[in-house]
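One structure is given here, and the rest of the page talks about it.
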Amino acid sequence: MSWLGRLLRRPPVLTPAAAAALAAYRSLAQPDLRAAISAQRVVVVDVESSGLNPFRDRLISVAAIAVRDGLVRLEECFDTVLRQEQPSADPNILVHGIGGSAQMEGQEPAGSLAAFLAFAGKDPLVAFHAGFDRELIERTCDSTLCMKPENTWLDVALLAPALFSGHAGTANSLDDWLVLFGIENYARHNALADAVATAQLLLAVLAAAERHGLAAWADMIRLQKDQRWLSAYGQS
């Protein structure tokens, strides 16, 4: 959408609860990414979608869990299914297990995403192959809330091979890394289960970062940038 189209869009009609959640999010200050990793809450995110194209397919569910003080905070989690105008195709449903009725009876998308932003705040968002999750969330926020989240994103799929270079050539998928560290996933392709498993993998990544002398999230962001460059252009 062009900048003029964005300017002329009408603001979304939100419920009072959604409007309050969005206002609370907008009022938050950005976190200090120079602070110690242990001092910063981060939110691990996973999504389920109607397909594998984040630029075209629809966001079906969002789940998230907080990591703080070196622990996966099971008491701080978020999970929602966004109401769909039509369910995704049967093969897609077989993957994520969210049936047609559950999709059609999900939560109103704008309210769901406002609630997600209120849960996450402006803390860094972490995912495995974060670009996919980020595009779906930002695109859906843009279409339903007329805004995009301001959070910093970190990608475990980039950070893990950077810190465990001995496994960079053999561990590629989330499943590969979970097997490598003996992390069990109680319901693969369930957004909350995948977020919990990714959060456990993040703890292993953060422990390795500490051993490498990386003390702040700003250091992790630089490492991610370097790893992205190496992945794109090779190490020569």
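The values are calculated or read from the model by the stated rules, or taken from the named source; none is laboratory data. These figures come from a predicted structure and were not determined experimentally. Note that we place each Cβ from the backbone using ideal geometry, even for glycine, and neighbour counts take in every protein chain shown. Note: areas computed on protein heavy atoms with side chains; ligands, DNA, RNA excluded. Shrake-Rupley method; radii C 1.70, N 1.55, O 1.52, S 1.80 Å.
Counting only residues that are open to solvent by 20 Å² or more (accessible area, probe 1.4 Å) and within 19 Å of LEU28 (Cα to Cα), segment 92-121 holds 4 of them. Taking segment 76-91, which residues are open to solvent by 30 Å² or more (accessible area, probe 1.4 Å) and of a type in the set (S, T, N, Q)? Scanning segment 76-91 gives a single hit, GLN86. Yes or no: LYS122 in contact with a Phe, Trp or Tyr (Cβ under 8 Å, 6 or more places away or on another chain), of a type in the set (D, E, K, R) and over 21 Å from ARG188 (Cβ atoms)? Judged against the criteria, LYS122 is a match. For LEU59, state whether it is without any contact (Cβ under 8 Å) to a residue 40 or more places away in the chain and either open to solvent by less than 20 Å² (accessible area, probe 1.4 Å) or out of contact with any helix residue (DSSP H, G or I) (no Cβ under 6 Å at 6 or more places or on another chain) (or both). No, not satisfied.
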